[in-house]
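What follows is a short report on a single structure.
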Amino acid sequence: MSTSGAMTWKVGPLAEASGLTVRTLHHWDTIGLLSPSRRTSGGHREYTGEDAARLYQVLALRSLGLGLETIAVCLDTGVDPDRLLRDHLADVEASLAALGTLRERLLKLRDGLTTGALMDALEAMGAAGTERERVLRRHLDEDQLGVLAARGAELGPGVRYLLEIEWPELYRRAEVLRAEGAEPGDPRVRKIVARMDELGALFGGGATSGGVRAAWREDPAAMSGDADAPADEWRALADFLDRARAALGGGEES
């Protein structure tokens, strides 16, 4: 307990309360994911209430299968964990609804319906793909799509967060700054662009990254997941990000 009355924890009690090990908390401190932010008059480090809140955010995001590096990016760039969880839940519920529709079609097939019904069921199992995937296919060749698929397999469960949540969120944050009148060289804009570059390199860089950029220009509604996304404003944002990249001295935009 601190002199101000605010609750604090040493590493052992916090580890016990959270179901982690002391070794795990020490590791997270070392990599900068979660560090005790208070130091007592005797020089001992303690976790504050804000540190404990961050710990439970980390645990919530880790339960989605995200890696520690991705979790750190999510928290440090200000992506709302509650929104991340809501989006993930919405996707799960949408998947369950789609599976329910598919189940009904398969039950009808089992009862001997026509070949036309079989084709409908096959399409429902994924032949049509998502709108975002269809847009990407207009700008990426089979080799580039193969690179994206291979990188996605290597990255594991966190790939969905990177492609469907963090990437669109970076564009949204950049648009807020642009609308507020920020200059392309603003440090906040440059930070966003730098993260976009990291994602572009992560998924192959070069022509692959350029194809993704072209897809955003063509159909921002599909790429952002926002059906009301105004195409003209998003294209203006793409130009804004190009100027921000020029201020950084070159590179690939994601």
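Every number here is computed from the coordinates shown, using simple stated rules; none is lab data. All of these numbers come straight from a predicted model, not from anything done at the bench. Quick reminder, even Gly has a Cβ in these numbers, built from the backbone with ideal geometry, and neighbours come from all protein chains shown.
Quick one: which residues, 5+ away or cross-chain, put their amide H under 5 Å from the amide H of Arg38? H built at 1.01 Å from N.
It is Glu46, Thr48, by chain and number.
If packing is taken as the average number of other Cβ atoms within 10 Å across a peptide's residues, how do 171-180, 29-38 rank, most packed first?
Most protected by this proxy first, the peptides run 171-180, 29-38.
Note the full-extension length gain between Ala94 and Arg172 as 0.36 nm times their separation in residues minus their Cα-Cα distance, in nm to one decimal.
Stretched fully, the Ala94-Arg172 segment lengthens by 25.8 nm.
Using 1/(1 + (r/R0)^6) with R0 = 25 angstrom and r between the beta carbons of Thr30 and Ala60, what's the FRET efficiency to the nearest 0.05?
Plugging the Cβ-Cβ distance into 1/(1 + (r/R0)^6) gives 0.70.
Quick one: putting +1 on the C-beta of Lys and Arg, -1 on the C-beta of Asp and Glu, what dipole do you get for region 11-63 around its Cα centre, in Debye to the nearest 20?
That gives region 11-63 a dipole magnitude of about 100 debye.
Using a Förster distance of 45 angstrom, determine the FRET efficiency expected from the C-beta separation of Met7 and Arg137, and round it to 0.05.
0.25
Return the sequence-ordered ³J(HN,Hα) values of region 233-248 in whole Hz as given by the Karplus equation 6.51 cos²θ - 1.76 cosθ + 1.60 applied to θ = phi - 60°, using x for Gly and Pro.
5, 5, 5, 4, 5, 4, 5, 4, 5, 4, 5, 5, 5, 4, 5, 7
So what is the relative contact order of region 1-104, in percent, for Cα pairs below 8 Å that sit 6 or more residues apart?
It rounds to 18 percent for region 1-104.
May I ask you to compute the full-extension gain from Glu180 to Ala150, defined as 0.36 nm times their residue separation minus their alpha-carbon distance, rounded to one decimal in nm?
Length gained, Glu180 through Ala150: 7.0 nm.
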